[in-house]
Structure formats: structure tokens, C-alpha cells
Amino acid sequence: MYLQRKIDTELENWKDLPQRKPLMLRGARQVGKSSSVKNLSKQFQYFVEINFEENPNYQAIFDKGLTPIEICEQLAVVTNTPIISGKTLLFFDEIQSCLPAISSLRYFYEKLPDLHLIAAGSLLEFALAELPSFGVGRIRSIFMFPFSFEEFLLAFKENSLLKVLDKATPEQTIPDIIHQKLKKYLKKFLIIGGMPEAVNSYVANGDLLEVQRVLEDLTQSIEVDFAKYKNRVSTAKIREVFNAVVQQVGNKFTYSYPNATLNNIQIKEALELLTLAGLVFPVTHSACNGIPLGAEINVKKRKFLIFDTGIFQRILGLNISELLIEDDFNVINKGNIAELFVGLELLKNTPPYEKKDLYYWQREAKNSQAEVDYIIQKQEKIVPIEVKAGTKGTMQSLYIFLDEKKIDEGIRVSLENFSAINHVKIYPLYAVKKIVS
């Protein structure tokens with residue numbers, strides 16, 4: 001069963017362009033890249049899938065230095081399928097296993113601009129890091145993530161619910177009965193997460209215990225993949241740092257975590273590999289004195305987010321019954337799941353052609369510490385976002401930021417309904433998309 005994704009619209013728009021660049025889908029393993037391409041293939045007369053991991057023999061075709069036309073001729077013979085511009089979707093899957101195939105993409109744009117060609121792969125960022133150039137300006141990248149909360153609602157055919165949410169604003173709250181329904185979906189989403197296999201399982205069976213088994217399988221497969229990252233970094237070291245990130249989500253990452261067996265250089269290298277793999281995302285401190293926010297960062301002050309709330313709660317062993325029942329995540333928020341969810345939603349709702357960076361702000365003045373969870377740029381404005389795990393809590397840090405940076409307005413994200421207090425607009429956790437849209 002294929003569940004609708006926002007990326008489907010982007011792929012269809014790309015398909016309909018009169019001339020198009022080869023498309024490269026980038027993202028962590030098992031986030032739905034191949035499924036989305038296969039769904040698009042239904043709109044073509046022919047579909048040719050070349051999986052370099054399942055069949056390494058395909059690499060021999062790309063090792064010969066052939067032209068794109070010659071490559072297509074040989075692939076058509078091998079697969080017994082015509083490769084015709086406008087009629088065939090050609091898909092290079094697991095392309096990270098064939099560097100010559102990555103290098104060839106730029107020439108397809110120059111020689112066969114009418115051909116529909118998509119490439120995808122897990123751990124693709126590692127392969128790209130080894131290539132001095134893979135066709136900048138000749139290849140279009142799309143970044144994929146696990147399901148967003150909006151996509152999760154679409155999976156349950158909640159189109160009417162989404163329409164109500166789309167019209168809501170801090171000045172116009174939604175009826176409480178709808179607010180409560182959205183919160184129930186949110187709580188389930190935090191438990192299930194956005195990995196397609198987990199979402200599909202719950203949509204098909206409605207069994208949260210089975211979802212936990214799926215998440216356990218996914219967690220184990222992620223750890224098995226650690227062996228593929230880099231030969232010089234052992235699986236045990238990467239697993240140690242990955243677990244350290246999970247334990248520290250929502251806090252500035254400290255290299256002196258409990259039971260650490262690695263030095264700072266080894267930890268840093270493992271973090272870089274996990275980031276390349278799309279399993280963790282850095283949230284970097286910015287002074288926030290102006291835009292762009294990345295102009296005044298301090299890379300020594302970073303938080304890290306794990307890529308999925310479902311995997312996160314499974315590793316931490318959070319009490320899922322409490323997540324479903326409680327209206328204040330502070331009760332079970334030892335893992336800062338609310339802050340994790342908001343950061344991931346900010347990433348997922350960025351235009352897919354951009355690689356989004358996340359920032360936070362912290363003041364460490366004596367006797368006056370303050371921290372704002374996320375700082376984003378919206379048009380030409382700096383927007384601070386404070387995350388609350390429940391419906392209560394002061395906004396002292398947010399007000400300090402507004403006063404110090406001379407900014408007119410801030411945002412609080414919580415389990416409350418839409419509202420506004422003084423210079424702060426309040427958005428429910430389930431409505432993070434509306435902040436960036």
C-alpha cells in the first residue's frame with residue numbers, strides 16, 4: 001500500500017517540465033525514496049530500475065566511459081525494456097554503490113535532456129563527499145525525510161481536518177473538539193514516528209504494539225548499516241555516539257557523556273558520519289544579531305536531533321501509554337520529545353530543494369541564563385521559537401531575546417490551542433508547518 005507523500009507533487013511537476021535535469025533523491029535509508037519513484041513510474045509507459053546494490057554487474061556498463069546514449073542502449077538490452085525519452089522513467093537506485101554512475105548524471109542532462117532520469121541511494125552523501133564534483137548546475141537534488149505530521153494525517157484521509165487546520169491562526173482558534181482530535185493524532189505520531197514502514201503498519205492494522213516491533217526492526221537495521229559508514233570508524237564507536245545523541249536530544253551536546261570510551265576527535269568524526277547519513281541533524285548556536293543566521297554561529301555549541309520520534313522513543317524506552325494519556329509531556333519528557341518533534345517538522349516543511357540548517361540561541365550571562373529552542377529566518381525577519389512540552393510555563397527566555405535583539409514578535413509552541421499573548425503568538429505543536437509556510 002502506497003501512502004501519499006508531499007514529494008509526489010514535486011516529482012510530478014518535475015516530470016511535466018519540457019526539459020529537465022536528472023533528479024537526485026537524498027535522505028536517510030528507508031524514508032521512502034524508492035517507493036515514491038515507483039509510484040511516479042505508473043505515469044510512464046516503461047519503467048527501468050537499475051539497482052546497483054542488488055546487481056553490482058551494472059557497474060561494468062558505467063566503467064567503460066560510454067556516452068549516455070550508449071549507456072541507455074546497453075541498459076535497454078540488459079533489462080529488455082525500451083528506454084525512450086518521454087515514455088520511459090529510468091531509475092538508478094542505490095547509486096552510491098557506483099561512483100561512475102553518479103559522475104555520468106551530468107552528461108545525461110547535456111546529451112539527453114528529454115529523458116526522465118532519477119537517482120537515489122542510501123548513504124549517498126558519503127559517495128558525494130568522495131567526488132570533487134557531481135554536476136553542480138546539471139543535477140537537481142530533492143531532500144527527503146520521514147513522514148511529516150501533515151503527511152501522517154493524509155495517510156488517515158483526514159483531508160477535512162487539514163482544511164480546518166489550514167485556516168486556523170493565533171487570532172482565530174479552532175473548536176476545542178477539533179483541537180483535542182489533532183492532539184490525539186499528534187500523540188500517536190510521536191510514538192509511531194514518520195518511517196514509512198511504521199506508518200503503513202499502523203494504517204493497515206491500528207496496532208501500536210506491532211508498530212513497536214517494526215520500530216525495533218528498523219532500529220536494528222540502522223545499527224547494521226553503521227558498518228557501511230567508514231572502515232576507520234568501528235560500528236561500536238558509531239553506535240556509542242548515536243546513543244549519546246539520543247540521550248542528549250534537546251540539550252547542548254557534551255562530549256563527556258556517561259561511560260564515554262572515545263576521545264573528542266573520535267566523537268566528532270562519528271557525529272559527522274551520522275550527520276552525513278541523515279540520522280542526526282545539528283542545531284547550531286547563533287548570536288542572532290542579523291541575517292543570515294549562519295553568519296554568527298559557534299560550532300562548539302551544538303545540539304543534535306535524531307531523525308525520527310518513533311525510533312527515538314523506542315530506543316529511550318519511553319512509556320507510550322503515558323504519551324497517549326498525558327496532556328503535559330513534561331511528565332514523561334526526559335527525552336525532550338516535544339523539542340525534537342518541532343525541530344524535525346521545521347526541517348520537513350522546508351522546500352525540498354533546500355538543505356535546511358537549524359539554529360538556537362543561548363545567553364550565558366552570570367545569574368541570567370536564557371535559551372530559545374529554535375531561531376528561524378522568515379523572509380527578512382528573525383523569528384524565535386520557544387517549545388513547551390505542556391500547556392503551561394513561563395516565557396522568560398523568549399522575552400529576554402525579544403528585548404535584547406529588538407525583535408517585535410516571538411512564537412511559543414505548546415499543547416495549547418492557537419492564541420496570542422502580548423508579543424508572542426502561540427501555535428499548537430501539531431501546527432509547526434504553519435510557522436514556516
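Take the range 40-59 and flag every residue that is closer than 16 Å to E94 by Cβ and either touching a Ser or Thr at 6+ places or on another chain (Cβ under 6 Å) or of a type in the set (A, V, I, L, M) (or both). Walk me through how you get there before you give the answer.
Let us first name the residues in the range 40-59 that are closer than 16 Å to E94 by Cβ, namely 48-59.
Within the range 40-59, V48, I50, F52, E53 meet the criteria.
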Only one residue in K348, K381, K434 is among the basic types (K, R) and touching a Leu at 6+ places or on another chain (Cβ under 8 Å), so which one is that?
K434
Considering only strands (runs of 3 or more DSSP E) wholly within the range 45-147, the ones with at least 3 residues that are surrounded by fewer than 18 Cβ atoms within 10 Å (Cβ to Cβ) are 46-51
Pick out the one residue from Q96, Q172 that is modelled with pLDDT under 95 and over 19 Å from D63 (Cα atoms).
Q172
Using the structure shown, decide if F242 is in a helix (DSSP H, G or I), of a type in the set (F, W, Y), at pLDDT below 95 and buried (at least 16 other Cβ atoms within 10 Å of the Cβ).
no
Kindly check whether there is at least one residue in the range 219-233 that is assigned to a loop (DSSP other than H, G, I, E, B) and at pLDDT 95 or above.
no
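The values are calculated or read from the model by the stated rules, or taken from the named source; none is laboratory data. Computed from a predicted structure; not experimentally measured. Reconstructed Cβ throughout: ideal geometry from the backbone, glycine too, with neighbour counts over all protein chains shown.
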